[in-house]
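As structure tokens, the structure follows; a few thoughts come after it.
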Ligand code: UDX
């Protein structure tokens, strides 16, 4: 099938475009930025994701992917379009629909000049009702055509995780494939693309598909905040949270692989934004989103649990040299959007500490955010060399290596992600951790 991906130079768009081309479809990857488009056509991936570069080069070699700024041409030459533009958070928590709006206008204008049937598929994360009440009216106005008659409409939420996006898209066994459809014909048309994938297809209404995305992310975010709250209680009650987590997971009603790793909180471009958007939407429809609000409140405060733990050692952090290991919101990415490290670093600075930061991938983004308020280590050892204490904030594998901490000047470690086994530490260290009730003196 010929497919156009609008917002194809973005994180989700490029992943979708390259994967569908890899499946043998002819994909038009549409972007507004000339430079990004030409980079993609030269096989230069503009985001970092495992396997993306190889799959992009394959698709270009097989002439299965073309990046372009000409959306109208791409829509006219394709049967299905995926709208993958960003829907950022606005001050009041609502999502910003301006990109969705301008793309829908352009899509409508293209459909006006197109004879054959076409399915417009919203893949951007949009609150329930957006596709029906916002996108379809624009498409009909600018195409002069009727949705469900002249063209089809679907909503197909993505569940990609940063750092694993290619695998998540190509092998959707764990998440399944959700297709919201305006009508049976639209849904069947889109299912043709996904029937080759090893994942259950759930066809439902447009609104239900939109809500599934928010409910899933809010559910997972709620799990993380629940885990952090239980870990904080464990800390005060002489219980190791890791034992509690193991005991919980034994119960099949809870099960393994849940988002129950306690630490310094969740971040990234999705969880915080999506929970906030659902809070705002719920209030608009007259439902008091208590659990969602508490999920955000617990997450707001969790990074400071690690700051408090290290402050307890000296009672005061004025002039103390503290290293923060990991600034990316999670391992496997350079992304620092709403990263807990931002609060940890600012919390330490507010306490008067001198802060050193290190991250294997996100240091450039850290420089953007922290500027000259902190010092930067090009290697973990460098960030640790001056440090009297350190806080592990992102669970990069290298931070689980106990010998790394021999590079420290001081001996105080706060493990904000439970990556370290204190028994492996060299003698003379003080090990503290989130959800861990005691101090281990090695
Ligand atoms: C998430 C969803 O997983 C994905 O399906 C959706 O499409 C986009 O949002 P992502 O933002 O890449 O993906 O990150 P994810 O791996 O889900 O982690 C989210 C945050 O939760 C990270 O900050 C992570 O550190 C934190 N987390 C996750 C925990 O603190 N504990 C856990 O047990 C799991």
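Some points to look at:
- Residues located in the stretch 246-277, provided they are part of a helix (DSSP H, G or I), more than 12 Å from residue 224 (Cβ to Cβ) and either in contact (Cβ under 8 Å) with a residue 60 or more places away in the chain or within 9 Å of the ligand (Cβ to nearest atom) (or both): 273, 274, 276, 277
- Unique residue being away from the ligand (no atom under 16 Å from the Cβ) and touching a residue at least 40 places away in the same chain (Cβ under 8 Å) when the list is 341, 364, 323: 323
- Residues located in the stretch 198-207, provided they are in contact with a strand residue (DSSP E or B) (Cβ under 9 Å, 6 or more places away or on another chain) and away from the ligand (no atom under 16 Å from the Cβ): 201, 203, 204, 205, 206, 207
- Taken over the stretch 220-245, the residue count meeting the criterion of being outside any loop (DSSP other than H, G, I, E, B) and farther than 18 Å from residue 301 by Cβ is 5.
- The one condition from (1) assigned to a helix (DSSP H, G or I); (2) farther than 20 Å from residue 163 by Cβ; (3) within 16 Å of the ligand (Cβ to nearest atom); (4) touching a strand residue (DSSP E or B) at 6+ places or on another chain (Cβ under 6 Å) that residue 391 does not meet is (1).
- Members of the stretch 52-67 found to be in contact (Cβ under 8 Å) with a residue 24 or more places away in the chain and buried (at least 18 other Cβ atoms within 10 Å of the Cβ), listed by number: 52, 55, 56, 59, 64, 65, 66, 67
- Matching entry among 230, 193 (being over 28 Å from residue 272 (Cβ atoms) and at pLDDT 95 or above): 193
- Scanning the stretch 400-433 for residues that are under 22 Å from residue 266 (Cβ atoms) and in contact with a helix residue (DSSP H, G or I) (Cβ under 7 Å, 6 or more places away or on another chain) gives 414, 416, 418, 419, 420, 432.
- Failed item, numbered, when residue 210 is tested on (1) more than 16 Å from the ligand (Cβ to nearest atom); (2) within 22 Å of residue 107 (Cβ to Cβ); (3) in a helix (DSSP H, G or I): (1)
- Among (1) farther than 30 Å from residue 345 by Cα; (2) surrounded by fewer than 21 Cβ atoms within 10 Å (Cβ to Cβ); (3) within 11 Å of the ligand (Cβ to nearest atom) - the single one residue 169 does not satisfy: (2)
- Selected residue [in a helix (DSSP H, G or I), modelled with pLDDT of 95 or more, buried (at least 21 other Cβ atoms within 10 Å of the Cβ) and touching a helix residue (DSSP H, G or I) at 6+ places or on another chain (Cβ under 8 Å)] from 436, 370: 370
The values are calculated or read from the model by the stated rules, or taken from the named source; none is laboratory data. Just so we're clear, the structure is a prediction, and the values are computed from it rather than from any experiment. Heads up, the Cβs are rebuilt from the backbone with ideal geometry, glycines too, and the neighbour counts pull from every protein chain shown.
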